[in-house]
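As structure tokens, the structure follows; a few thoughts come after it.
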Amino acid sequence: MHHCVIKRFVTTCSELHTKIKNLISQELYEQALTFYAQHVHPFQLTINTAFIVPSITKACAHSQSHRILGKQLHCNVIKNGFDSDFTVSNSLLSMYAKFSDSELAQKVFDEMPSRDTISWNSMINCYTQNGLFFEALKMLKDMYGLGFMPKPELVAGCIATCVRSGNWRLGRAMHALFFVDERMKFSTFVATSLVDFYWRFGDPDMAFRVFDGMVEKNEVSWTAMISGCIEYQDYVRAFDCIRAMQFSDVKPNRVTLVSVLPACAELDSIMHGKEIHGYAVRHGYDSDALFSSSLLHMYCECRGAVKIARRIFDISVNKEVVMWSSMIAGYSQSRDGAREAIFLFNQMQMKGILPNNATILAVISSCTSLSSLSDGAGVHGYSLKSGLGNDVFIQNTLINMYSKCGSLEDSLRVFNEMTTKDCISWSCVIGAYGLHGCAGEALQLFDDMQGSGIKADGLTYLAVLSTCNHAGLVDEGRMLFERALNDGDVSLTLEHYGCYIDLLGRAGEIQAAYDVVCQMPMKASPRILSCLVSACRLYGRLDIAESVANILVRIEPENAANHTLLSMIYAESDKWDGVEQVRGYMKGRKLKKQPSFSKI
């Protein structure tokens, strides 16, 4: 009789466990926990019901709303002495890891009488999920030191942790382990994580070496390689990889296509973009929201493709904020589309879509293109009401917008109300003063910026040099240019040199301007040279004008305007042989200067 009761009880427990497991397999976690609470939880755990614990802890972990039940279960486990069981303790450890409770997980781990590989894996994953990268990597070292072999999935996760924590040495050491320890299994999963690791740490040669050594490459491996090339701005090699991927009979997936679209935008290659678009349509990826959003952004970034972007936008069923922002940004890049960008901004709000920072920045750019102070003020007001007005990027753009729309006062008001000012903020307001002819105030503000402890960058120097150029402040401009030249943290661009050369040319210091052209670390642009020639003719330095005009002709031999300019200089110098020679060359090459016209 006693044996029959026990047998019936065990059978009932088995049926209960089967019922709970079936509910969990269907991801009906709430129902599983309710069933457990009604039929099992009121009674103490016994040796016959302890095997239910792993299933219930899994349900608690996924439910997130039954943390108290999970802790009660843990108490029952300790009270009845079942915490010595590997399976039970590991399930509790995994549950606390899912709860992001690293302290309780660590307590369970420390109190385990013995640990297996699963215990170590769960604890390391718990640390990683909670951003405790140093602790996770330290525990991996301890695990390996005690003779436990981490699974390839765990190693791949720890290599990713090395990337996030910036631990270059440990990542390389883990790579080396696969060569010195035969017990370590090198899988495609691990190799892919190493490829990503070396790209993130700026070692493309090693990334390619690991990739080329892979026996089996899947779509994730190829995608990691393509993403690395794009992040390293090696766009040509990225396209080579996607072609090689297809030749290897590995089909690009949605993530691969999304990762390669930025390369099309950077290269301004509509052709490549259309090829990827066509492939996506053939394989059914075009209906994916993330891909459609990325495709729209790519077309908006490519010149002359905003109409294609608009067609994608119009046929999209679910237009979320990223799509609206991309479309508005696409229109805001030109004056012709700026009004449409503002219209879409209004439509977006009418549809109930809340604009984000990117949307506001794009609309402000449209207002700047239109020089529309009223529209700009309206967007500014909206940004303040929506709580986006305190964003530094938006405030910097507002300073620039107000100054270009003619309101220096509003530019200064935005600047003075900023709680945090970065280098761009100072540069924008210095540029605003310069644009409105307030050179003295701009130079004073530049000094105030230096006194506030914010270091000037290339943009700041360009703003203050432009101010000196507009005001004709040669000595101040020379001093600032030399200071920037001697500042090792500032990289002078063609714009800096062009601004300084124009300043010297306008002031009649032709020889000094010509010397700067000759000493530039990069080749002078045709625009810089043309400005210098004009200055030379204005101040009668036809010898330098002739020299610079000849450089222009060599740079752009097919530009008839350059030959005409050289001919005029020869004529002003009474070098009629030179005039005939230039005209003969133009006639032989059939070069004709396009006539100028005015819209006024």
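The values are calculated or read from the model by the stated rules, or taken from the named source; none is laboratory data. Predicted, not measured: the structure shown is a model, and the values here were computed from it. Backbone-built Cβ (ideal geometry, glycine too); neighbour counts: all protein chains shown. Just so you know, the surface numbers come from the protein's heavy atoms only, side chains and all, with ligands and any DNA or RNA stripped out. Shrake-Rupley method; radii C 1.70, N 1.55, O 1.52, S 1.80 Å.
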>> Conditions first: (1) under 21 Å from residue 439 (Cα atoms); (2) open to solvent by 40 Å² or more (accessible area, probe 1.4 Å); (3) under 41 Å from the mean Cα position of the chain (by Cα). Residue 531 passes all but one, so which condition is the exception?
In response: (1)
> Does residue 427 fit the bill of being at pLDDT below 95, among the small types (Gly, Ala, Ser) and more than 29 Å from residue 313 (Cβ to Cβ)?
Replying inline: yes
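Can we say residue 156 is in a helix (DSSP H, G or I), surrounded by fewer than 19 Cβ atoms within 10 Å (Cβ to Cβ) and either at pLDDT below 90 or out of contact with any Lys or Arg (no Cβ under 9 Å at 6 or more places or on another chain) (or both)?
Details: in a helix (DSSP H, G or I): yes; surrounded by fewer than 19 Cβ atoms within 10 Å (Cβ to Cβ): no; either at pLDDT below 90 or out of contact with any Lys or Arg (no Cβ under 9 Å at 6 or more places or on another chain) (or both): yes.
Answer is no for this residue.
For segment 399-439, which positions are open to solvent by less than 20 Å² (accessible area, probe 1.4 Å), of a type in the set (A, V, I, L, M) and either farther than 24 Å from residue 355 by Cα or within 23 Å of the chain's Cα centre (by Cα) (or both)? Steps first, answer last, please.
Taking segment 399-439 as the starting set, the residues that turn out to be open to solvent by less than 20 Å² (accessible area, probe 1.4 Å) are 399, 401-403, 407, 411, 414-415, 418, 425, 427, 429-430, 432, 434, 439.
If we keep only those that are of a type in the set (A, V, I, L, M) too, we end up with 399, 401, 414, 418, 429-430, 432, 439.
Result: 429, 430, 432, 439.
Condition first: assigned to a loop (DSSP other than H, G, I, E, B) and among the hydroxyl-bearing types (Ser, Thr, Tyr). Now tell me which residues in segment 293-324 satisfy that. Write out each step before concluding.
Step one: filter segment 293-324 for residues assigned to a loop (DSSP other than H, G, I, E, B), giving 302-305, 316-320.
316 - this is the single residue of segment 293-324 that is assigned to a loop (DSSP other than H, G, I, E, B) and among the hydroxyl-bearing types (Ser, Thr, Tyr).
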>> Looking at 396, 390, can you tell me which residue is polar (S, T, N, Q) and either open to solvent by less than 20 Å² (accessible area, probe 1.4 Å) or assigned to a helix (DSSP H, G or I) (or both)?
In response: 396
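For the structure I just gave you, tell me whether residue 353 is part of a helix (DSSP H, G or I) and within 18 Å of residue 321 (Cα to Cα). Spell out how you get there, then give the answer.
Numbers: part of a helix (DSSP H, G or I): no; within 18 Å of residue 321 (Cα to Cα): yes.
Spelling it out, it is not the case that residue 353 is part of a helix (DSSP H, G or I) and within 18 Å of residue 321 (Cα to Cα).
Of all residues in segment 484-499, which are within 23 Å of residue 437 (Cα to Cα) and open to solvent by 50 Å² or more (accessible area, probe 1.4 Å)? Working first, answer last.
Here is the first cut: in segment 484-499, the ones within 23 Å of residue 437 (Cα to Cα) are 484, 495-499.
Passing the criteria: only 495.
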> Which ones in segment 178-201 are open to solvent by 60 Å² or more (accessible area, probe 1.4 Å) and of a type in the set (D, E, K, R)?
Replying inline: 182, 183, 185, 200
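Would you confirm, using the coordinates I've provided, whether residue 260 is modelled with pLDDT of 90 or more and within 21 Å of residue 322 (Cβ to Cβ)? Working first, answer last.
Values: modelled with pLDDT of 90 or more: yes; within 21 Å of residue 322 (Cβ to Cβ): yes.
It is true that residue 260 is modelled with pLDDT of 90 or more and within 21 Å of residue 322 (Cβ to Cβ).
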> Tell me, which residue of segment 445-504 that is in a helix (DSSP H, G or I) and of a type in the set (Val, Ile, Thr) is nearest to residue 524 (Cα to Cα)?
Replying inline: 501
> Among all residue pairs at least 6 apart or on different chains, which show Cβ distances below 9 Å where the first residue, located in segment 265-288, is touching a residue at least 40 places away in the same chain (Cβ under 8 Å) and among the hydrophobic types (A, V, I, L, M, F, W, C) and the second is open to solvent by 40 Å² or more (accessible area, probe 1.4 Å) and in a helix (DSSP H, G or I)?
Replying inline: none
> Only one of 309, 329 is touching a Phe, Trp or Tyr at 6+ places or on another chain (Cβ under 6 Å) and closer than 23 Å to residue 360 by Cβ; which?
Replying inline: 309
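Return the residue satisfying two criteria in turn: it lies in segment 202-230 and is farther than 23 Å from residue 252 by Cα and open to solvent by less than 60 Å² (accessible area, probe 1.4 Å), and of such residues it is farthest from the chain's Cα centre (by Cα).
Quick first cut of segment 202-230, residues farther than 23 Å from residue 252 by Cα only: 202-203, 205-206.
Narrowing further to those that are open to solvent by less than 60 Å² (accessible area, probe 1.4 Å): 202-203, 206.
On the way: 202: 16, 203: 19, 206: 23 Å.
Only one residue fits best here, namely 206.
Table: residues versus (1) open to solvent by less than 60 Å² (accessible area, probe 1.4 Å); (2) farther than 20 Å from residue 469 by Cα.
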site	(1), (2)
501	yes, no
504	yes, no
512	yes, no
524	yes, no
527	no, no
535	yes, no
546	yes, yes
549	yes, yes
> If the Cβ limit is 7 Å and pairs must be 6+ apart or interchain, which residue in segment 564-591 that is farther than 20 Å from residue 543 by Cβ and open to solvent by less than 30 Å² (accessible area, probe 1.4 Å) pairs with which residue that is at pLDDT 75 or above and not charged (D, E, K, R)?
Replying inline: 586/560; 586/563; 591/560; 591/563
>> Can you pull out every residue in segment 460-477 that is of a type in the set (A, V, I, L, M, F, W, C) and open to solvent by 10 Å² or more (accessible area, probe 1.4 Å)?
In response: 462, 463, 471, 473, 474
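Matching residues to (1) over 25 Å from residue 218 (Cβ atoms); (2) modelled with pLDDT under 80; (3) assigned to a helix (DSSP H, G or I):
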| position | (1), (2), (3) |
| --- | --- |
| 115 | yes, yes, no |
| 127 | yes, no, yes |
| 135 | yes, no, yes |
| 179 | no, yes, yes |
| 186 | no, yes, no |
| 196 | no, no, yes |
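Kindly evaluate residue 373 against the criterion of being surrounded by fewer than 18 Cβ atoms within 10 Å (Cβ to Cβ) and under 30 Å from residue 408 (Cβ atoms).
Numbers: surrounded by fewer than 18 Cβ atoms within 10 Å (Cβ to Cβ): yes; under 30 Å from residue 408 (Cβ atoms): yes.
It is true that residue 373 is surrounded by fewer than 18 Cβ atoms within 10 Å (Cβ to Cβ) and under 30 Å from residue 408 (Cβ atoms).
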